[in-house]
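Have a look at the structure below before the remarks.
The values are calculated or read from the model by the stated rules, or taken from the named source; none is laboratory data. On a predicted model such as this, the values are computed, not experimentally measured, just so you know. Positions of Cβ are backbone-derived with ideal geometry, glycine not excepted, and every protein chain shown enters the neighbour counts. What goes into the accessible areas is simple: the full protein's heavy atoms, side chains included, and nothing from ligands, DNA or RNA. Shrake-Rupley method; radii C 1.70, N 1.55, O 1.52, S 1.80 Å.
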Amino acid sequence: MKIMATFDGSTFAESTLPLLERMARLPDAEFVLLAVAQEPHGQRERDRIRRPIAAVLGGGVGGGAAFFIQPPPERYAEGKAQAVQRYLDEGAAYLHGLVRRLPSGPIYSVETHVSHDPAATIIERSLVEQPDVIVMATHGRTGLAHMLFGSVAERVVHSGVAPVLLVHPEEVVQARVAGRAT
């Protein structure tokens, strides 16, 4: 059985690990651990308005020559390609750390991607990998929060690429139970 599990680096997403540990006992279990990072945007080393500086050379009244001193070119803390590579490297290290927490025996592979649309990337990779099931944590947002932030899990479910097993972390379940009790 091929199982694709998605992670975003949060402890929230790691709430699927106990379920994955149980699934690892299945005969012929094979796992694809997938992390999709949001595409980075450059960050300026300093965040200020850059204007040329006017200066006047020369002496006396009405004399001299004006010239402009251009500020140095804007520098970035890291370039986009560097940020993407860092995200990929950090994602792979993170997923390999998760594999070490899972039982030995099954086949584990890890994939890291950087995308502006994580749901589309998960769907694309599912079409290629053809898992028997996709395991994802879900925030379980409702109402305005759901409308504003949408749901990666919901888009994957509606894509129909594979059955999706959604895991609500214990804190979400407890909050909902507490909400109903009051």
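Under a Cβ-Cβ cut-off of 13 Å, what is the net charge of the residues other than VAL164 that fall near it, where Lys and Arg count +1 and Asp and Glu count -1?
-1
State, to one decimal in nm, how far the label point of SER115 lies from the label point of ASP28, with both points 7 Å from Cα in the Cβ direction.
The two pseudo-label positions are separated by 2.7 nm.
Classify the stretch 75-121 as rounded, prolate or oblate, taking a ≥ b ≥ c as the square roots of the eigenvalues of its Cα gyration tensor: rounded when a/c is under 1.5, otherwise prolate if a/b is larger than b/c and oblate if not.
Judged from the Cα gyration tensor, the stretch 75-121 comes out oblate (a/c at least 1.5, b/c at or above a/b).
Need the full-extension length gain, VAL99 to GLU154, defined as separation in residues times 0.36 nm minus the C-alpha distance. One decimal, nm.
Taking VAL99 through GLU154 to full extension adds about 17.2 nm, to one decimal.
Of SER126, PRO103, HIS113, which is farthest towards the positive pole of the stretch 90-134's charge dipole, taken about the Cα centre with +1 and -1 on the beta-carbons of Lys, Arg and Asp, Glu respectively?
Final value for the positive-end residue is PRO103.
For the ranges 19-32, 117-130, what's the packing order if you count other beta-carbon atoms within 10 Å of each residue, average per peptide, and put the highest first?
Result, highest mean first: 117-130, 19-32.
Heavy-atom accessible area of LYS80 with all protein chains present, probe 1.4 Å, nearest 10 Å²?
LYS80 has an accessible surface of roughly 100 Å² with all protein chains in place.
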